Amino acid sequence: MNSGPGGAPLALSPHHRPDGPAPALIDLASGQIVEPLPGPVRDAITRAMNSPRASAYPPGPGLPELRTAVAGHYAHRTGAVVDPEGVTITAGARHGLFAALAAVARGREVLVPAPHWSHYPAVVRQAGGSPVTVPGDPGHALLADPARLEAARTPRTAAVLVNSPVNPSGACYGPERMRALRAWAAERGVCLIVDDIYWAYGDEIDTDLRPGPTEIVVGGVSKVHALAGLRIGWVWADPDRAEAVRDTVEHTTGPVSGPAQTAAAAVLRQETDTCTGDAPTGVGVARRVAELAGQRARAVRAMTAVPYLRPVPPAGGIYLCLDASEALARGLLGARNDQELCAALRRRASVGLRAGSTFGMPGHLRLCVAESHDVLLTAARRLTACLTAAADHLAD
Ligand code: PMP
C-alpha cells in the first residue's frame, strides 16, 4: 500500500496534471507483499533476541531447528523422507540461487528460459557460469520445453534454471511439463535448479521435488510467507551438492542472522502443523493465496480498461504483464522501447512499472498486483489519462 510520511494513506489523484505538482508515485515496480509481522513471528523474534545465544554466531549451515523445519515442509509437500542435512540456510533465496549455481555451474553454461526473473543472468555470472537465454514456447505461455532446451544444450551445459509461477509472466509449469523437464534433465545429466520461491501461488503445487544428481531446490520465506525482510532462504540438495553449497555460504555470507532463522523456523513449523491435505494453510498462507487470486483478477480487469496496453492474464504469482506493442507502435510519449515507455509513464503518469526487456520479455511492462483495489484502479486511471493525452497529442 502506498503511504505518506508516518504511514498515513496518500490521496491519489486519478488525473495527470502536467501543469501542477506530480501526484505521489504509485510504485507497482517492486515485487513484494508487505504485511504487518504476524504475532507468532514477532514473538519468535523477541524470544530469539532475548536468548543468550542471540549475540553468538549461529552454526554455518543454519540453525538445526530451521533446517528441520524446512525439511518438514518438503516432507509434508512431497511425501518423501527429507534429511535436514541436505538443507543449507542462505541470506534469502537470491543467495540460495548463487550458492546452488556456484555448486554446479562454475565455468559452464546455464540455460535460462525467457521470460525470467531479471536477476538470473547476473546471478549465473556471479557464480562463475555463463547464462544462455532460451526463448519459451509462444504456443504455451512462453514456458520452457525439452525440445527448446535440447536445441540450446551444448557439452558445456551444466544446469537449467526454472521458476513457477514465472516471474514476470505468471505462467505455471504444472505437473506434466515439470515431469517432462525432469525427465529431460535426468536423461541429459543437466541439473534442474528449481526456484521454488512462489510455490503456493500457482494453480498446482509441485509435489515432485526430488533433489539428486540432476535437481536442486531453492526456496525461502520472502514471498509465500510475506517475510522478505527476514532475508531467509535455503538450498535443498543431495549430500554431495549440499557440501558444496555449505562451502559457498561459509566463504561468502557466513552464517545467516540467528533471530531471523528462529522466526522463520516458527513460521514453517506452524505452516506444516496446520496444513490439511494439499492446501497450504497456517500463518496466513491460504489467506494470501486466495487474496492474490482476487488481486490478479482485479488487476487484469482494471488494466483492461487502459488503452494501448493489453494485459496478459497470469495463471498465478504476484505480477501482471502488459503487452505494450500498440503503445510502442504508435510511438506514444516518444517511447521507442519498453524501457523508455516505462520511464515516461513513471515521469508523466506517476506510476512505477518494470520494463519487460529486463525479464527477457521485451515490449511488455510488469506490475505487482499485491496492492489494494483502489490503488490498482487509480494506477489504471492515471495510465489511461496519460496515454490518451499522448495519443491525442500525436493526432493533433
Ligand atoms: N527468485 C525469484 C523468481 C524472485 O522473484 C525473487 C525475488 N523477487 C527471488 C528469487 C529472491 O528472493 P529473496 O528475496 O528471498 O532473495
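Would you kindly identify the strands (runs of 3 or more DSSP E) lying entirely within the range 118-222 that contain at least 1 residues that are under 30 Å from Leu268 (Cβ atoms) and at pLDDT 95 or above?
Hits in the range 118-222: 157-163, 191-195, 215-220.
Pairs only if they're at least six apart or on different chains, beta carbon under 7 angstrom, first in the range 231-255 and more than 16 Å from the ligand (Cβ to nearest atom), second acidic (Asp, Glu); list them, first residue then second.
These pairs meet every condition: Pro239/Glu85; Ala242/Glu85.
Out of all the residues in the range 55-114, which are among the basic types (Lys, Arg) and within 15 Å of the ligand (Cβ to nearest atom)?
Once the filter is applied, which keeps residues that are among the basic types (Lys, Arg) and within 15 Å of the ligand (Cβ to nearest atom), the range 55-114 yields only Arg94.
If a residue must be modelled with pLDDT of 90 or more and within 21 Å of Glu215 (Cβ to Cβ), how many such residues does the range 231-267 contain?
The number of residues fulfilling the criteria is 16.
Is one or more of the residues making up the range 42-51 farther than 20 Å from Ala379 by Cβ, modelled with pLDDT of 80 or more and assigned to a loop (DSSP other than H, G, I, E, B)?
We begin by selecting, within the range 42-51, every residue farther than 20 Å from Ala379 by Cβ; these are 42-51.
Of the ones still in play, those that are also modelled with pLDDT of 80 or more are 42-51.
With the extra rule that they be assigned to a loop (DSSP other than H, G, I, E, B), the set shrinks to 51.
Within the range 42-51 (the criterion being farther than 20 Å from Ala379 by Cβ, modelled with pLDDT of 80 or more and assigned to a loop (DSSP other than H, G, I, E, B)), the answer is yes, since at least one residue qualifies.
Against the definition (part of a helix (DSSP H, G or I), without any contact (Cβ under 8 Å) to a residue 40 or more places away in the chain and open to solvent by 10 Å² or more (accessible area, probe 1.4 Å)), how does Ala391 come out, yes or no?
Here the answer is no, as Ala391 does not meet what is asked.
The values are calculated or read from the model by the stated rules, or taken from the named source; none is laboratory data. None of the values given here were measured: they were computed from a predicted structure. Here the Cβ is made from the backbone with ideal geometry for all residues, glycine too, and neighbour counts use every protein chain on show. For the accessible areas, the whole protein counts, side chains as well, though only heavy atoms, and no ligand, DNA or RNA atoms are used. Shrake-Rupley method; radii C 1.70, N 1.55, O 1.52, S 1.80 Å.
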